[in-house]
Every structure is written in structure tokens, then in C-alpha cells.
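Right, one structure below, let's go through it.
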Amino acid sequence: MMIDNGGREMADDTDQYDQIAASFDEVEAIIRFVRENLEWPSFEAALGQLEGLRVLDVGCGEGSFTRRIAQLGAKDVVGMDLSPGMIALAEQSEAANPLGVKYHVHDLGAMPKLAEFDVVTAVHVLHYADSRESMSAMAATMFANLVSGGRLVALSANADSSARSEAAAGFKTSRPENPREGDKFKVAVLTDPPTEIEVHHWPTSTIVGILEEAGFANVVWEQVKVANFVTDEDMDRAQRCAENPTSLIITALKA
Ligand SMILES: C[S@@+](CC[C@H](N)C(=O)[O-])C[C@H]1O[C@@H](n2cnc3c(N)ncnc32)[C@H](O)[C@@H]1O
């Protein structure tokens, strides 16, 4: 943890994502296959109808999914991220092709109530929590930003992903043996040279339990799947990505 100039604790992922923001195109080129053929189609199906809904995308990075959420007809779309570098990229895309998305820099674990949202989305951000307390704080801020009846739709790292699916997706993870909740490990995106990202080990059952403790109901998860539009040429790689895949969809309700 770092301490900000107001004396508050902040997550310490700002630097690593500010560095990744500088060479984001190379990372994007590697992760595009699994994102386009498995993650986005599975996530979009879980989002369902967004027409006219207010959506907060937490850990939005450079805003690629945030922008697609706006293009699905959501209104008042807000993206937030810890990294000023990633938010700067998101704002550049918004300036180049305005969709009315607003972006803010915040630490998800300390985010205030920004507004009332019908849907909170969290794409590949929960596994940056470095302790049970920080995962609980993230769950609490997401819950606080939802209206009653609102939904959380998360795309989250699968703690049990197979080495074969990771290789097909373009990653290599270095998990400790017998990892415990919150243990830190590195994921290398196979750019040249590899781009290493520090993340934390969160079994899905732990995330589900923490979301329930925060007040969420109907917390369910499923693995991402191969989209039905995948071409014959891409099918072999897509099926390898889907064998105990690198990510899961988790949905939950604020009753
Ligand atoms: C793997 S990227 C995903 C970005 C985006 N959701 C996407 O899928 O394109 C993870 C993002 O989470 C952000 N992040 C990490 N810890 C965070 C925190 N405590 N609060 C807010 N954002 C955080 C990072 O800065 C980074 O942009």
C-alpha cells in the first residue's frame, strides 16, 4: 500500500499501469485474441440489455470495454481507474471519438459514491486486491455505487487457469506453489520482451464469499466461452483458450 498526500492508503498499482500505458499497443496486440473471441462476447452476454442504464466501469484501464458499453446504449457511462496514464489514454479515445463517457482517477478500494448506477462492471481488476481487507473494500465501494436492484458484472482472473489456456491466450503466470488468498505473483504478457504484471491469487469461492459479505445476492460465476462467430481458422486456438480459461464472469445483484 502507498499513502496519498491526504494521508489515505492507496493501492500501489499506479506505477505498473502507468508504465504499461506507455507501451499499451503491444500488450493489446497479444491479448486481443482472447478478448475478442472469448472475453468480450461472454461479458456482453452477461451484461444483457443496457439501453438507457447508468453504468460505472471500475478499473476501466484505457476504456476499450467502457466505450463498448456506451455503444451498447448505456447512458451516463463513467469509467474509473487508479492509473492516471490509463485514464489519459481513455480520455484521448473519448476526445478522438466522443461517446459522452466520463473518466476519473480513483482507487477502487477507497472510491466514494460517484453517483447512482444501475450496473457496475469490473473487468480484470479484482485480482489487484492485495489483501482480504482490500478485496472487501472494493466489494463495498461497488455495492455503494449501485441502486437497489442494480447488478455487478465482473470479468475476473481464473485462479485455476491451465498453463495450456494461458499459453493460447498469450500469457505465462508464475503462481507460487499452493498459493494462499492474496498471494502476489507475476503474469507475463508475451510481448518482446515480456510485459510483467503483478497480480494476486484470489480463488473464485473467496471472491464470491466477499461479495456476499458486502451484501450482494445471487452471486454466480461461469467460465468464459468461445464465441459462436469464431472462424475455423481460429477455432483450435480459441478452444485451447477455453480449456480451463484465464477468466470467469461473475455476476451479482444488489437486492
Ligand atoms: C488488466 S487492466 C484492465 C483494464 C480494463 N478493465 C480492460 O479490461 O481493458 C487492470 C486495470 O486495473 C487498474 N487497477 C488496478 N488496481 C486498481 C485499483 N485499486 N483501483 C482502480 N483501478 C485499479 C489498473 O490501473 C489497470 O488499468
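With on the phi < 0 side of the Ramachandran plot, of a type in the set (S, T, N, Q), surrounded by fewer than 21 Cβ atoms within 10 Å (Cβ to Cβ) and in contact (Cβ under 8 Å) with a residue 40 or more places away in the chain as the only criterion, which of Ser161, Ser136 stands out?
Working: Ser161 fails: surrounded by fewer than 21 Cβ atoms within 10 Å (Cβ to Cβ).
Of Ser161, Ser136, the one residue that is on the phi < 0 side of the Ramachandran plot, of a type in the set (S, T, N, Q), surrounded by fewer than 21 Cβ atoms within 10 Å (Cβ to Cβ) and in contact (Cβ under 8 Å) with a residue 40 or more places away in the chain is Ser136.
Rundown of residues vs (1) outside any loop (DSSP other than H, G, I, E, B); (2) touching a residue at least 40 places away in the same chain (Cβ under 8 Å), yes/no style:
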| site | (1), (2) |
| --- | --- |
| Glu181 | no, yes |
| Ala188 | yes, no |
| Gly215 | no, yes |
| Val230 | no, yes |
| Asp234 | yes, yes |
| Arg237 | yes, yes |
| Ile250 | yes, yes |
| Ala255 | no, yes |
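Residue-by-condition table, conditions (1) near the ligand (Cβ under 9 Å from one of its atoms); (2) under 19 Å from the mean Cα position of the chain (by Cα):
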residue	(1), (2)
Gly73	no, no
Asp76	no, no
Asp81	yes, yes
Met86	yes, yes
Leu89	no, yes
Gln92	no, no
Leu99	no, no
Lys102	no, yes
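When you check Ala110 against the structure, is it surrounded by fewer than 23 Cβ atoms within 10 Å (Cβ to Cβ) and either at negative phi or within 15 Å of the ligand (Cβ to nearest atom) (or both), yes or no? Outline the logic, then answer.
Numbers: surrounded by fewer than 23 Cβ atoms within 10 Å (Cβ to Cβ): yes; either at negative phi or within 15 Å of the ligand (Cβ to nearest atom) (or both): yes.
So Ala110 fits the description; yes.
Cβ-Cβ distance below 6 Å, separation of 6 or more or different chains: which pairs start in the range 84-106 with a residue that is among the hydroxyl-bearing types (Ser, Thr, Tyr) and end on one that is within 11 Å of the ligand (Cβ to nearest atom) and modelled with pLDDT of 95 or more?
Ser93/Gly63; Tyr103/Gly79; Tyr103/Ile87; Tyr103/Ala90
Every residue, every condition in (1) touching a Cys at 6+ places or on another chain (Cβ under 7 Å); (2) at pLDDT below 95; (3) within 13 Å of the ligand (Cβ to nearest atom), yes or no:
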| residue | (1), (2), (3) |
| --- | --- |
| Arg132 | no, no, no |
| Ala144 | no, no, no |
| Gly149 | no, no, no |
| Leu155 | no, no, yes |
| Glu166 | no, no, no |
| Ser174 | no, yes, no |
| Gly182 | no, no, no |
| Pro194 | no, yes, no |
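Regarding Glu233, is this residue touching a strand residue (DSSP E or B) at 6+ places or on another chain (Cβ under 9 Å) and surrounded by fewer than 18 Cβ atoms within 10 Å (Cβ to Cβ)?
Numbers: touching a strand residue (DSSP E or B) at 6+ places or on another chain (Cβ under 9 Å): no; surrounded by fewer than 18 Cβ atoms within 10 Å (Cβ to Cβ): yes.
Spelling it out, it is not the case that Glu233 is touching a strand residue (DSSP E or B) at 6+ places or on another chain (Cβ under 9 Å) and surrounded by fewer than 18 Cβ atoms within 10 Å (Cβ to Cβ).
I need every pair where a residue in the range 48-65 that is farther than 12 Å from Leu114 by Cα has its Cβ under 6 Å from the Cβ of a residue that is modelled with pLDDT under 95 and of a type outside the set (A, V, I, L, M, F, W, C), sequence separation at least 6 or different chains.
That search, which allows pairs on different chains as well, returns Gly52/Lys75.
Do we find a residue being of a type in the set (Lys, Arg) and within 21 Å of Gly85 (Cβ to Cβ) anywhere in the range 179-200? Let's see the steps before the verdict.
Step one: filter the range 179-200 for residues of a type in the set (Lys, Arg), giving 180, 184, 186.
When the remaining residues are screened for being within 21 Å of Gly85 (Cβ to Cβ), the result is 186.
There is at least one residue in the range 179-200 that is of a type in the set (Lys, Arg) and within 21 Å of Gly85 (Cβ to Cβ).
Quick one: count up the residues across the range 91-148 that are touching a Lys or Arg at 6+ places or on another chain (Cβ under 6 Å) and of a type in the set (Asp, Glu).
1
The values are calculated or read from the model by the stated rules, or taken from the named source; none is laboratory data. Given the structure is predicted, the values throughout are model-derived calculations rather than measurements. Every residue, glycine as well, gets a Cβ built from its backbone with ideal geometry; the counts of neighbours run over all protein chains shown.
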